[in-house]
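Coordinate-derived values only; no laboratory data. Computed from a prediction, not measured in an experiment: that's the story for all the values here. Please note: Cβ atoms are built from the backbone with ideal geometry, for glycine as well, and neighbour counts cover all protein chains shown.
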Amino acid sequence: MLKTFAVIGDPIHHSMSPNIHNAAFRELGMESTYIAYRVPTDQLEEGIESLKRIGISGFNVTIPHKTSVMKFLDKTDQNCSLVGAANTITNYSGTLKGYNTDMDGFLAPIIRKGIGVAGRSVMLLGAGGAARAIVAGFARQGAASITIANRTVEKARKLCVFAERLGMRAVAASLASVPSPSEYDFIVNSTSIGMAGQETPVDTSQIRSDSVVYDIVYAPMKTSLIAGAKRRGAMIIFGYEMLLGQAALAFEIWHGRKAPYDAMKRALLGAGT
Ligand code: ATR
């Protein structure tokens, strides 16, 4: 049976999700299709109604709807409640269930590479929706402490309260005075800095070679933080690895079978599909 899936957000034209999921369908010979659908901020309710009308089987949700979509869902999983947002929805006969794959998608490459998190220290740039899922992920893996640096320090302070509730020591900082990266085992960027080639506020010359540097920005792939980390010989995790981790998890939620990771990766990196 032909099933239709979608990603909703605004803007949405740059989304790589249709390429990734359609490549997976082709690889497995599945009769399904995945489309991008622009839904402006004030039209979420109508957008969801029209998806239900066409009998959508499932959809991803991205900026700016990840939090506001929650009130239109009939059910949510544990991660949605923890993070306060949903990014993957199933539709069974008009009943919508929300999942949040941000946390597990973020952790996927860390776990796949066998990198230990327990007892480690983290510096996280950013305090938005993605940052909240990342904090929950580090807490779940047993990280000891986290420093959260954000342009708006008040938001970093609020996220620190959340981190402490989950059992980590937490300190808030300003992006204008980011501590030296030499103090941290993990350095993670969850802000949009680096998207348009902006310089990272991290003094990359102080990154240790035994630290892990993870930038969730995936376009461009080589942000100034990643380039600096590479020069220092640190272990690098690219933003596309989180994106693929999330896409694979959404695939498994919707189709109940293992995602064809390599075909999805080829579609994303443009190595031919
Ligand atoms: P997401 O769901 O991707 O996390 P978000 O919730 O809008 O998106 O969060 C965006 C994050 O990037 C925030 O930490 C934001 O900082 P503020 O809290 O101060 O707004 C950060 N950010 C976005 N643009 C930025 C910029 N030009 N410089 C520094 N930080 C920026």
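From zero outward in steps of 5 Å, how is the percent of C-alpha pairs of the chain spread across the bins?
Calculated P(r), rounded to whole percents: 1, 6, 13, 17, 18, 16, 13, 9, 5, 2, 0, 0.
Measure nothing but the geometry: give the 0 to 90° angle between the long axis through the Cα atoms of 153-165 and the longest principal axis through the Cα atoms of the chain, rounded to 10°.
Its long axis makes an angle of about 80 degrees.
On a 0 to 90 degree scale, rounded to 10, what angle separates helix 17-28 from the longest Cα axis of the chain?
60
Evaluate E = 1/(1 + (r/R0)^6) for Ala227 and Ala144, where r is the Cβ-Cβ distance and R0 equals 25 Å; express this FRET efficiency to the nearest 0.05. Each step should come with its number before you reach the end.
On the way: r = 29 Å, r/R0 = 1.14.
The computed FRET efficiency comes out at 0.30.
Quick check: the angle from helix 102-112's long axis to the longest principal axis of the chain, C-alpha only, nearest 10 degrees?
Orientation of helix 102-112: about 70 degrees from the principal axis.
Given Cα pairs under 8 Å that are at least 6 residues apart, what percent is the relative contact order of segment 1-155? Display every interim value, and only then the final one.
Details: 246 pairs, mean separation 27.2, N = 155.
It rounds to 18 percent for segment 1-155.
From the square roots a ≥ b ≥ c of the eigenvalues of the alpha-carbon gyration tensor of segment 101-195, which class results: rounded (a/c under 1.5), prolate (a/b over b/c), or oblate?
Rounded.
Between segment 90-161 and segment 3-68, what is the separation of their alpha carbon centroids in Å?
If we compute the Cα centre of each part, the gap is 23 Å.
Apply the a/c threshold of 1.5 to the C-alpha gyration tensor of segment 119-273 and tell me whether it is rounded, prolate or oblate.
Since a/c reaches 1.5 but b/c is at least a/b, the shape of segment 119-273 is classed as oblate.
How far, in nm, would the chain grow between Glu183 and Ala196 when pulled straight, counting 0.36 nm per residue and subtracting the alpha carbon separation?
Gain in length upon complete extension: 1.9 nm.
Quick check on the chain: of the DSSP beta bridges with both residues there, what percent are antiparallel, nearest 5%?
20
5 Å is the cut-off here: which amide hydrogens, built 1.01 Å from N in the peptide plane, fall below it relative to Ala170, excluding neighbours closer than 5 in sequence?
It is Ile146, by chain and number.
Could you work out the relative contact order of segment 142-264? I mean the mean sequence separation of Cα pairs under 8 Å and 6+ apart, divided by the number of residues, in percent.
17
So what is the relative contact order of the chain, in percent, for Cα pairs below 8 Å that sit 6 or more residues apart?
Computed over the chain, the figure is 16 percent.
What FRET efficiency would be calculated for the residue pair Asp42, His13, taking the C-beta separation as r and a Förster radius of 25 Å, to the nearest 0.05?
0.85
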